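Colleague: This is the structure, below, for whatever I ask next.
The values are calculated or read from the model by the stated rules, or taken from the named source; none is laboratory data. For clarity, every value in this text was computed on a predicted model and none was experimentally measured. Using ideal geometry, Cβ is built from the backbone for each residue, glycine included, and neighbour counts are taken over all protein chains shown.
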Amino acid sequence: NNGHREQWASRIGFILAAAGSAVGLGNIWRFSYVAGEQGGAAFVFIYLIAILLIGYPLMVTEIAIGRKTQKNPIGAFKSLAPDTPWWIVGALGVLTAFVILSFYSVVAGWSLAYTFKAFGGFVPGLDYEGIFISHITDVYMPIFWHAAFMILTLVIIASGVVKGIQRWSKVLMPLLFAILLALVVRGLTLEGAGAGVAFYLTPDFTEISGETFLTALGQAFFTLSLGMGALITYGSYLSQKENVSDSAGWVVGMDTLVALLAGFAIFPAVFAIGFDPAGGVGLAFITLPAVFAEMPLGGLFGFLFFLLLTIAALTSAISLLEVVVAWLIDEKGWDRLKASMLMGLIIFVVGLPPTLGYSVLSGVTIFGMDILDTYDFLSGNILLPLGGLLTSIFAGYIWRAKSVIDEANNPKGKIVFGQWYGYVIQYLLPLAIGAVLIWGIISTFIE
Ligand code: PHE
Ligand code: NA
């Protein structure tokens, strides 16, 4: 029944789509706000280790599972381990896609709104914290932009594969990159930027706790789109002629570069404008407009930047929705249009509580976090690492590490795994993820 399953046109097509999934709000909005809350440089250091030791091997594993089975996450686990409960790991991924996309769309909605606010809005001396707060405490505007973003996402998914977006990404991602570089230069040359550079680059390991490790690991999963089947799904459209290990290397490299640059654009400015680096979800939305205000043609740059950030978010959001839609198409025989529309609507509704979390539902907290933080924490720090843990156990012991290595090496690329790589999959991944998950949960909830 895979006769009509679509495939990426080329290896570059796959790399762009997977990088489109990876590069998103996670690199700019989420990376800066969690790094700010977790003390800066020491967090970034642990995050980079997590990317290298856990993120990359797990990405290879997920793509290999998808490419081997040519199935959505639930179907993939079913076909590699028929008549076992392992399909539940795929189901957990589908559930996670709902949770992530529902709040992701809210923040992407802020970005979309800021695209329009940029016109004439970013001038020196404004109270950017006040502007952000008044945006999110409004009842209707966040709902409107959340809905607008969900509609964009479902229209793209409904219309089939990513051709349009893929073609755009080729032009637009380098442009995002260029604007980010300009922001880095402007940010670094602001008066008082030095303290931010120090915060970003000088690690203070005395503040490190299990929560820091868990947040760094969670950020690595979130930013690389791991632990919930997005890359199993994208890998399922990858042709047998293309190599897995090199493609994954490109995706990890691009994603990490964008995140590191975003830190250089944001932290110097945070200190230059005297804002609190632990300021939470508003960090990027408060500091970046302040930097634009200090640039010639700041309104234009601000407009372009938020437009590109929204597009980056869109290429990530479609990968989240595609997980759910691919499952309904493959396993339940739904048609693409019906699946996209209905799931888009449900995700919009699930996203209403975080949308209203700063207005109608302000003051509502779960585990001491506001609603959007709770969705974010639950998905990034619990669901994704849990999905990654189970996927690595499955790959190491049920499908077998050797199968991952064979799939990743076939056809041979520049990065070739020896059989030793089996130890990485069987021991390093499950032990490291498991330990950080348990230790992190304990130190987050039991002080
Ligand atoms: N990787 C995306 C980002 O950094 C978010 C994402 C997570 C997308 C999980 C798909 C799956 O913004
Ligand atoms: Na990312």
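Colleague: VAL323 is checked against (1) within 19 Å of ALA18 (Cβ to Cβ); (2) free of Cβ contacts under 8 Å to residues at least 40 places away in the same chain and fails just one. What number does that condition carry?
Modeller: (2)
Colleague: Considering only region 164-175, I want to know if a residue exists there that is within 24 Å of PHE285 (Cβ to Cβ), within 16 Å of ligand 1 (Cβ to nearest atom) and small (Gly, Ala, Ser).
Modeller: Scanning region 164-175, I find at least one residue that is within 24 Å of PHE285 (Cβ to Cβ), within 16 Å of ligand 1 (Cβ to nearest atom) and small (Gly, Ala, Ser), so the answer is yes.
Colleague: Give me the pairs: first residue in region 208-226 and within 16 Å of ligand 2 (Cβ to nearest atom), second residue among the charged types (D, E, K, R), beta-carbon distance under 8 Å, and six or more apart or on different chains, which are they?
Modeller: Close Cβ pairs (under 8 Å, with a partner that is among the charged types (D, E, K, R)) amount to THR215/GLU37; GLN219/ARG30; PHE222/ARG30; THR223/ARG30; THR223/ASP255; LEU224/ASP255; LEU226/GLU62.
Colleague: Among the residues of region 44-66, write down those that are away from ligand 1 (no atom under 16 Å from the Cβ) and crowded, with 24+ Cβ neighbours inside 10 Å.
Modeller: Initially, region 44-66 is screened for residues away from ligand 1 (no atom under 16 Å from the Cβ), giving 45-46, 49, 52-53, 57, 60, 64.
Across region 44-66, the qualifying residues are VAL60, ALA64.
Colleague: Name the single residue, out of those in region 393-447 being among the acidic types (Asp, Glu) and in a helix (DSSP H, G or I), that is nearest to the chain's Cα centre (by Cα).
Modeller: Taking the candidates together, the pick is GLU407.
Colleague: Any idea which residue in region 3-43 is farthest from ligand 1 (Cβ to nearest atom), counting only those that are crowded, with 24+ Cβ neighbours inside 10 Å and of a type in the set (Val, Ile, Thr)?
Modeller: Once the filter is applied, the top-ranked residue is VAL34.
Each row is one residue, and each column tells you yes or no for (1) crowded, with 24+ Cβ neighbours inside 10 Å; (2) modelled with pLDDT under 95.
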| position | (1), (2) |
| --- | --- |
| ALA248 | yes, no |
| THR256 | no, no |
| LEU261 | no, no |
| PHE264 | no, no |
| ALA269 | yes, yes |
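Colleague: Let me ask something else about it. When only residues in region 1-38 that are of a type in the set (Lys, Arg) and in a helix (DSSP H, G or I) count, which is nearest to ligand 2 (Cβ to nearest atom)?
Modeller: Checked region 1-38; the qualifying residue nearest to ligand 2 (Cβ to nearest atom) is ARG30.
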